[in-house]
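To keep things clear, I will list the structure first and then write my remarks on it.
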Amino acid sequence: MENFLKKITKDVDLSFAILLSFCVYVFFAINIEVFFSHNISFAILERFAVLGLVGLALTICIIAGEIDLSIGSNAALCAVIVVKLTDPLGAPLAMIIGLSVSTLIGATQGFVIAFIRIRAIVITVGTLMLLRGVALLIAEEKTVMLTDFRVPDFITTKVLMYFSPASLTVIFIFICVGIFMRYTKYGREIYAIGGARKEALTAGIPLRRPMIIAFALSGFCAGFAGTVIGLKSGTAQGLGLQYLLLAGTVAAFVGGVSILGGKGGVLGAAIGALTVNFLNTGLVFYALQVHFVQLFTSVLLVIVIVFQTMSRVFDSRQARKSLLATIDERKTSLLEKKRSALGR
Amino acid sequence: MSAIIENNQLPFSAKFLQFYKDRTLLAILLSLFAVMFIYGIFFTENYLTITNFKAIIRDAALYGIMAIGLTFVTLSGNFFLLSLKETASICGVTFAMGMATGFGSPDLAGNFLVSLLAALTVGVVSGVIQGYFVGMGGNPIVVTLGGAGILYGIGAWWSDNLVINFTRPHDAEWLGTGSFLGLPSITWSFILIAIAAEIVLRHTNFGRKVYLVGANKAAGKATGHENFSMAIIVFTICSVCCAFVAVAFVAQMDSAQSNYFSAEFGSSGDMTILVIATVMVGGNSIMGGYGSTLRTSLGAIFIAMVDNMMVLQGFNSGPRIVGVGLMIVFSIIVFGLFAKGSRAQE
């Protein structure tokens, strides 16, 4: 417990994330009577199953110092594949195929980025469009639908009051990825190439392996989010799910990643995703139109960016001040020595 | 010195090869142009007609103008804006509001100049605000992603997510559907803006500064050209270009809605990504400092040509999006491989 407190007070961004999510939750809990109840908690966790994964995917990429813009298209492609294949092959096999396609796409992106040494935003804008086109091709420009809507019931049944199999799996994925990022060599490599790429490469860390792992993980998470959305609603569109990029980015940035890379973690991603979920779920009660949700989510993003930039500027000023102070100290001590030597 | 003399004495074929080596991507683009053109002549009906070429350039003009604005941002090393279509849509809504209601005062309703000024003002304001955040040290992608949501939200809120109509005849017809010397006005604007941008980038102080800041931020800062003011100026230029396209498009359609430029618009599903694609296919370096608006214009015409041919061949939107996506990925990979280790890369 003490360790935990120390960690939180040391990490300004994480404590800001916790404060922000607490504020959002309390705001809605006070204003809306039913917000603080079992059913709403279940609904929030259901949304967490989708948004948390997208936030996690973007968090991993941003930790590696890159950003993956193709996440929405990847999720849409996976959703289309899963929904289309569920009828002939059954849900489990369709899920395996869809997830392996998404993971493979992510790994390929990582390989290309590491091989050409290009920035990820450049290549992922291209794949954003390419994957969207492929999803449209597979769906034949139509909305793909399940014929038997009872098939996906197995992921939406309530377990233990708050959970469903989908959200339990997502929490399991979070724990696994957290352990992977924190305690294994491969996870630490991702942090290394994000935080200080030149130094890491000079120290002998290969660029390809962590890059491929990071993007494969992000592709897997995006694909899983697409699968959950597709199976839950029973439909999928090639042009859909583009809003995931904004929501995921907000979740990642609220969770305290830095765009410079090498900072943040899975705990932050979970808190960030929960904050966005609180906001989205709370706004449902005001019966607002879709664009208001987008507006408020973007305002949240801007708040977080401004806070991060300000804290960075503040930090650098503090560092400069302390540097100047130490220089002054040394100067005065040297002068005094000189004086005493001369005076004698 | 000897190298210069040698170069002068080289035979034509060697000079041609040297040209190819120096401008690899431009050359590849030109050869692809030629291949497309010949294929089009022989295998596509109704391809070699003046009407068709007019249609190609007209298509290219819409996203070409926006892409020329975006080229300034890309050249100055600020990557790109993800809020292009949202900026355009809010400016279009502003313009249509002015044409339909005159912002509340009936005297101004249908006044082209006031509506145009209002739309451009909205563009300038959004550009300045986003540029300010980027200049302060925010990441352009994240800032404009947030800006996109806010601009779309405000635009949809203001227009109640409805289609705003205004009736013909109105003062903006000459811009929307009028033509001059056989070419539509929007095509003329594209040509004029492309020439102006090229002159600004090559022959003015400001243009050279854009290249300097983009090629080397540290050198720019050391010589007194900080990215702060540069970011504000280039973002404003880009947003004004978006506003102009929106005005022309709304004048043509006689109506505006907050999601005119999104998923269902045009061939490729998304105006923002299409414009970014145009800049990339033209072969500009995304890291900044290398490229030109001429390349961007060529990229726009190339994408319009490919799209036009696929339409004439009877493809649906899926294969067309795949085609544009493949072009982007191809040009990125080729550019990355050829530019490896050169100045144009990181």
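The table for this structure:
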| read-out | value |
| --- | --- |
| Positions within the range A:104-117 being within 7 Å of chain B (Cβ to nearest Cβ) and either in a loop (DSSP other than H, G, I, E, B) or touching a residue at least 24 places away in the same chain (Cβ under 8 Å) (or both), in sequence order | none |
| Output for the range B:128-138, where each listed residue is of a type outside the set (Gly, Ala, Ser) and crowded, with 22+ Cβ neighbours inside 10 Å | B:Gln130, B:Phe133, B:Val134 |
| Qualifying positions in the range B:302-322 - away from chain A (no Cβ under 12 Å) and on the phi < 0 side of the Ramachandran plot | B:Phe302, B:Ala304, B:Met305, B:Val306, B:Asp307, B:Asn308, B:Met309, B:Val311, B:Leu312, B:Gln313 |
| Qualifying residue in the range A:253-270 (condition: of a type in the set (D, E, K, R) and not in a helix (DSSP H, G or I)) | yes |
| Whichever residue in the range A:298-317 is under 18 Å from B:Ile129 (Cβ atoms) and hydroxyl-bearing (Ser, Thr, Tyr) and, among such residues, is farthest from the other protein chains (Cβ to nearest Cβ) | A:Thr309 |
| Filter result for the condition that a residue is within 11 Å of chain A (Cβ to nearest Cβ), on the phi < 0 side of the Ramachandran plot and in a helix (DSSP H, G or I), over B:Gly325, B:Gly299 | B:Gly325 |
| Filter result for the condition that a residue is within 14 Å of another protein chain (Cβ to nearest Cβ) and either among the aromatic types (Phe, Trp, Tyr) or assigned to a helix (DSSP H, G or I) (or both), over B:Val93, B:Val114 | B:Val93 |
| Options A:Val82, A:Val134, A:Val125, A:Val54: the member that is in contact (Cβ under 8 Å) with a residue 24 or more places away in the chain, touching a strand residue (DSSP E or B) at 6+ places or on another chain (Cβ under 9 Å) and surrounded by 23 or more Cβ atoms within 10 Å (Cβ to Cβ) | A:Val82 |
| Residue in the range A:118-135 that is nearest to the other protein chains (Cβ to nearest Cβ), counting only those that are over 19 Å from B:Phe80 (Cα atoms) and modelled with pLDDT under 90 | A:Gly133 |
| Which numbered condition A:Gly256 fails, given (1) in contact with a helix residue (DSSP H, G or I) (Cβ under 8 Å, 6 or more places away or on another chain); (2) surrounded by fewer than 20 Cβ atoms within 10 Å (Cβ to Cβ) | (2) |
| Residue list for the range B:203-215, restricted to those being more than 9 Å from B:Ser76 (Cα to Cα) and touching a residue at least 24 places away in the same chain (Cβ under 8 Å) | B:Phe206 |
| Tally, over the range B:135-148, of residues that are within 10 Å of chain A (Cβ to nearest Cβ), in contact (Cβ under 8 Å) with a residue 60 or more places away in the chain and part of a helix (DSSP H, G or I) | 5 |
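Results for (1) over 20 Å from the mean Cα position of the chain (by Cα); (2) of a type outside the set (D, E, K, R); (3) within 14 Å of chain A (Cβ to nearest Cβ), shown as yes or no for each residue.
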{"site": "B:Ser105", "(1), (2), (3)": "yes, yes, no"}
{"site": "B:Leu108", "(1), (2), (3)": "yes, yes, no"}
{"site": "B:Gly123", "(1), (2), (3)": "no, yes, no"}
{"site": "B:Val128", "(1), (2), (3)": "no, yes, no"}
{"site": "B:Phe133", "(1), (2), (3)": "yes, yes, yes"}
{"site": "B:Ile150", "(1), (2), (3)": "yes, yes, yes"}
{"site": "B:Ala156", "(1), (2), (3)": "yes, yes, yes"}
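The values are calculated or read from the model by the stated rules, or taken from the named source; none is laboratory data. Since the structure is predicted, the reported quantities are computational estimates derived from the model, not experimental observations. Quick reminder, even Gly has a Cβ in these numbers, built from the backbone with ideal geometry, and neighbours come from all protein chains shown.
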